[in-house]
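J.: Below you will find the structure I want to go over with you.
Values in this text are rule-based calculations from the coordinates and carry no lab data. The shown structure was predicted, so the numbers you read here are calculated from the model rather than taken from an experiment. A quick note on method: Cβ atoms are made from the backbone with ideal geometry, for glycine too, and the neighbour counts reach across all protein chains shown.
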Amino acid sequence: LVGSGGQPGAARHLAERLVDAISHPFLIRGHQVSIGLSVGICLAPEDGTDGDTLLKHADLALYRAKGAGRSTYRFYEPSMDAAQ
């Protein structure tokens, strides 16, 4: 969920950096651990003006990202509402 003021490029850049940073394996008590990160992005006010709507749209985008194979991000699209 990003209050972007119409700057999807900044949201995309942040999502790419987060996905990349989390995707590198790390050690915990001598064990190598690998995790992934999926990100759902919606933009205010384009995708909603209240918190409930923005969270719903970010959640829909997150599920689309997870369905795309994880370790990625997706922007909310109005067609995602129809797919529910």
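J.: Hey, what's the Cα Rg ratio for segment 31-84 versus the globular rule of thumb, 2.2 N^0.38 Å? Show your work: numbers first, answer last.
T.: Working: Rg = 12.6 Å, N = 54, 2.2 N^0.38 = 10.0 Å.
Ratio of Cα Rg to 2.2 N^0.38 Å: 1.26.
J.: So which residue, out of Leu37, Leu27, Leu60, gets the largest mean-square fluctuation from a GNM of the chain using Cα contacts under 10 Å as springs?
T.: Maximum among the listed residues: Leu27.
J.: So what is the 222 nm mean residue ellipticity for the chain from helices alone, if each DSSP H run of at least 4 adds -39500 (n - 2.57) and you divide by all residues, rounding to the nearest 500 deg cm²/dmol?
T.: Value at 222 nm, helices only: -14000 deg cm²/dmol.
J.: Leu37's amide H: which non-local residues (gap 5+, or another chain) put their own amide H closer than 5 Å, with H modeled 1.01 Å from N in plane and none for Pro or chain starts?
T.: Here the answer is Ser71, Thr72, since their amide H atoms fall under 5 Å of that of Leu37.
J.: For the chain, set up a GNM with springs between Cα atoms under 10 Å and report which of Arg12, Arg64, Arg29 has the largest fluctuation.
T.: Arg29
J.: Remind me, relative contact order of the chain in percent, using alpha carbon pairs under 8 angstrom and six or more residues apart?
T.: 30
J.: What FRET efficiency comes out for the pair Phe26/Leu55, r = Cβ-Cβ distance, R0 = 30 Å, nearest 0.05?
T.: Working from the Cβ atoms, E equals 0.50.
J.: Kindly express, to the nearest 10 degrees and within the range 0 to 90, the angle between helix 8-23's C-alpha long axis and the longest C-alpha principal axis of the chain.
T.: Tilt relative to the chain: about 20 degrees.
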